[in-house]
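Read-outs: derived from the displayed coordinates by stated rules, not from any lab. Computed from a predicted model, the values in this text were never measured in an experiment. Backbone-built Cβ (ideal geometry, glycine too); neighbour counts: all protein chains shown.
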Amino acid sequence: MTLSKLRTKRALKRLSMQELTALAADIRNFLIHSISDTGGHLASNLGVVELTLALHTVFNTPHDKIVWDVGHQSYVHKILTGRRKRFDSLRQLNGLSGFPKSWESPHDAFDTGHSSTAIPAALGLAVARDIKGGENKTSKVIAVVGDGSMTGGLAFEGLNNAGRSNTDLIVILNDNQMSIGKNVGAISRHLNRLRTASGYLGAKKDVKNMLDNLPIAGKALKRGIESVKDIIKYAVLPGVIFEEMGFRYFGPIDGHDIVELTKVLRQTKDIKGPVLVHVLTKKGKGYKNAELSPSSFHGVGRFNVETGKPQTAPISPRYTDVFAKALCRNAKNNPNVVAITAAMHDGTGLANFSEKFPKRFFDVGIAEGCAVTFAAGLAKGGMRPVVAIYSSFMQRAYDQIIHDIAIQNLPVTLILDRAGAVSAEGETHQGLYDFAYLSHIPNMTMLAPSTGEELSAMVDFALAHNGPVAIRYPNAEAYEHASVGFNDAIVYGRSQTIVTGEDIAIVSIGVMLDTSLEVVEKLKAQGYNPSLYNARFVKPVDALLVEKLASYKHVFTIEDAAKIGGYNTQINATHAFAFPDTFIPTGTREELFNIYGLDATSISEKIQALI
């Protein structure tokens, strides 16, 4: 069976195991060539081909509900549920999302994008099914969770509540020993032990059968070993942790053996209560380049299938690269500087730091709240911690930032990578809300660099400041404006005057300075004489700047953030150029700026219309 001949998902149930195996190979070929043209999450999807086929062979969506944790591994699911012909639009403006979207298909039971949410969400669906009853009562609910996601506390909170609820729920633990990078911590170590413990399952059954077949002495022996049963199972079968939480545990199972997968899923389908099926898969399966470097092919741009090399040259230097270099420079001079991330040491630029200063680098797994509180403890102990996490992921640590860092006024530096509009990932990954959720916190200082040189200087400033500091920047090329004289020292709470004019004042925040300079030139060409200021500090707002702005008839702010709660709310602005009060969809940064009127032409035309 080939993918092109598969007309409907229902046809899967009529295929032989040999035909399903052939279909799996064809799906992999389709994924590799399709994603090579669009970019996307390749390695994780190659790893779940057989698992997804088995799920759709055994279960019936949308009646049965599959909740994909994070959801970046749902491409095969999308292919099998009628979206194959749209795959050339993957992660593009008005195209197919890279994550499950219920508006896109009824087969997508729950919208996801961040880690560790699937188990509690699936439990909610299952409990709602039980309460409502009726035609929904036969619906099965399945959560597919990666082992990387199990480092997140929310996943274990879901397990804890599901285990005690006795609700019919199936959790598939997709164990590929990876999240975006190599998994870390005790949970990863525990699962590694499980991978080697499968022989115990057979031995346990054999011993039980032997004792059952003995006469009276056998029953006595069984009673006698009850007192040491827990010792045996904890020592030999570490997977009992799931059983103790109330789950029936099955596994480990070869996640690329579709015969075994379908067999086990059929066995678990009608079991009452919560079930956990532990499946072993290989990230990047079937594509050598991805198997050898799964991290590189986690989220990949367009690439050459034969070589695995990107089709376009990588952006360099990015703001991430500038931060990484500045951090290493500071760490070399200050032995108290330590770096922390949440399963993002490559994406946040900390790979080089981890190699140069391995004893001062900490990856806590997908546990952003833990990263922030851990940093608070380090700071209390006299260290200078730097926590590097994507802006949209830092949202998950909001309470810890207030409770553990800001109230104690601890010198922790928060680095918010992927801030502002984010290309390709859509609503769940837009880093537009950090101005709003950080700038109102007492004791917090927040900066937004306009250039690479400025970011480097801001890192130096943050590591010398006696209190919490947040620095935010996008995944973009680091602008350089040395010829304009942007190398002034960073002074607490002070902005920069870039252009002096009259009547019109433009305040640019962060990387929007490049656009703002274009706006100034366009306005000058129309006979206007605007002033331009580089805010530098989102918090505190420069009091001297506010005094200056009072003398202008028109004041405009330009920021790569949400308008509500943005920098504009802290000054008396005539108009704020920022993202509106709506969730921002998939698109490139350039496309999104154009759509929402944040390009230089749109801004200059709007200013002229307003004045």
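Among Met245, Met458, sorting on how many other beta-carbon atoms sit within 10 Å of each Cβ, with the fewest leading, yields Met245, Met458.
Once you charge only the Cβ atoms, +1 for Lys and Arg and -1 for Asp and Glu, what is the size of the charge dipole of region 308-440 about its Cα centre, to the nearest 20 debye? Provide the component values of the computation, followed by the final result.
Values: 12 positive and 11 negative charges, 134 e Å.
Taking the Cα centre of region 308-440 as origin, the dipole is about 640 debye.
Taking label points 7 Å from Cα along the Cα-to-Cβ direction, Ala22 and Asn136 give a separation of 4.1 nm. Take every Cα pair under 8 Å whose residues are at least 6 apart in sequence, average their separation, divide by the length of region 319-472, and the relative contact order is 23 percent. Ratio of Rg to Rh for the chain: 1.03 [Cα atoms; Kirkwood radius as inverse mean 1/r over pairs].
Just to be sure I understand the rule: take each whole DSSP H helix in the chain, project its Cα atoms onto its long axis, keep it if the span is 20 Å or more and its mean Kyte-Doolittle hydropathy is at least -0.5. Which ones pass?
On the way: long enough: 17-38 (31 Å, 0.31); 118-132 (21 Å, 1.06); 199-213 (22 Å, -0.82); 319-333 (22 Å, -0.41).
Passing helices, by number: 17-38, 118-132, 319-333.
What separates the Cα centres of region 245-289 and region 294-341 is a distance of 34 Å.
In the chain, what % of DSSP beta bridges are antiparallel (nearest 5)? The antiparallel proportion sits near 15 percent. Each other residue within a Cβ distance under 9 Å of Thr167 adds +1 if Lys or Arg and -1 if Asp or Glu, for a net charge of -1. Placing R0 at 22 angstrom, the Cβ-Cβ distance between Arg86 and Thr8 gives a FRET efficiency of 0.85 after rounding to 0.05. Per DSSP H run of n ≥ 4, the term is -39500 (n - 2.57); total these for the chain, divide by its residue number, and report the mean residue ellipticity at 222 nm rounded to 500 deg cm²/dmol. The per-residue figure over the chain is -11000 deg cm²/dmol. Here the translational diffusion coefficient of region 498-610 follows from Stokes-Einstein with Rh set to the Kirkwood radius across Cα pairs; for 37 °C and 0.692 mPa s it amounts to 233 µm²/s.
Using the alpha-carbon centroid of each, what span in Å lies between region 96-133 and region 349-407? For region 96-133 versus region 349-407, the Cα centre distance is 30 Å.
Under the simplified labelling scheme, the Ile595-Glu306 pair shows an inter-label distance of 3.7 nm, with each label point 7 Å from Cα along Cα→Cβ. Between their Cα atoms, which of Lys101/Lys272; Lys85/Lys288; Lys539/Lys563; Lys288/Lys359; Lys9/Lys85; Lys9/Lys140 are more than 24 Å away from each other? The pairs that break the limit, which is 24 Å between Cα atoms, are Lys101/Lys272; Lys85/Lys288; Lys288/Lys359.
Report the net charge of residues surrounding Ala550, where surrounding means a beta-carbon distance below 15 angstrom and charges are Lys +1, Arg +1, Asp -1, Glu -1. Walk me through the numbers before you get to the answer.
Working: positive: Lys548, Lys553; negative: Glu502, Asp503, Asp542, Glu547.
With Lys, Arg at +1 and Asp, Glu at -1, the net is -2.
Tally Lys and Arg at +1 and Asp and Glu at -1 over the other residues with C-beta under 12 Å from the C-beta of Ile401: what net charge comes out? My count for the surroundings of Ile401 gives -3.
Over the chain, what relative contact order in percent results from Cα pairs under 8 Å that are six or more residues apart? Let's see the in-between values first.
Numbers: 1203 pairs, mean separation 71.7, N = 611.
Over the chain, the number comes to 12 percent.
Region 414-468 to region 515-561: how many Å between their Cα centroids? Between the Cα centres of region 414-468 and region 515-561 lies a distance of 20 Å.
Cross-link partners for Lys325 among the aspartates and glutamates, with Cα-Cα distance under 18 Å and sequence neighbours closer than 8 places in the same chain left out: Asp346, Glu355, Asp417, Glu453, Glu454, Asp460, Glu477, Glu480.
Listing Leu93, Leu265 from the residue with the fewest other Cβ atoms within 10 Å to the one with the most, what is the order? Intermediate results must be reported in sequence, preceding the final value.
Numbers: Leu93 14, Leu265 24.
The fewest-first ordering by Cβ neighbours comes to Leu93, Leu265.
Debye-formula intensities of region 319-472, expressed as log10 I(q)/I(0) at q = 0.20 Å⁻¹, are -1.33 (one equal scatterer per alpha-carbon, no solvent).
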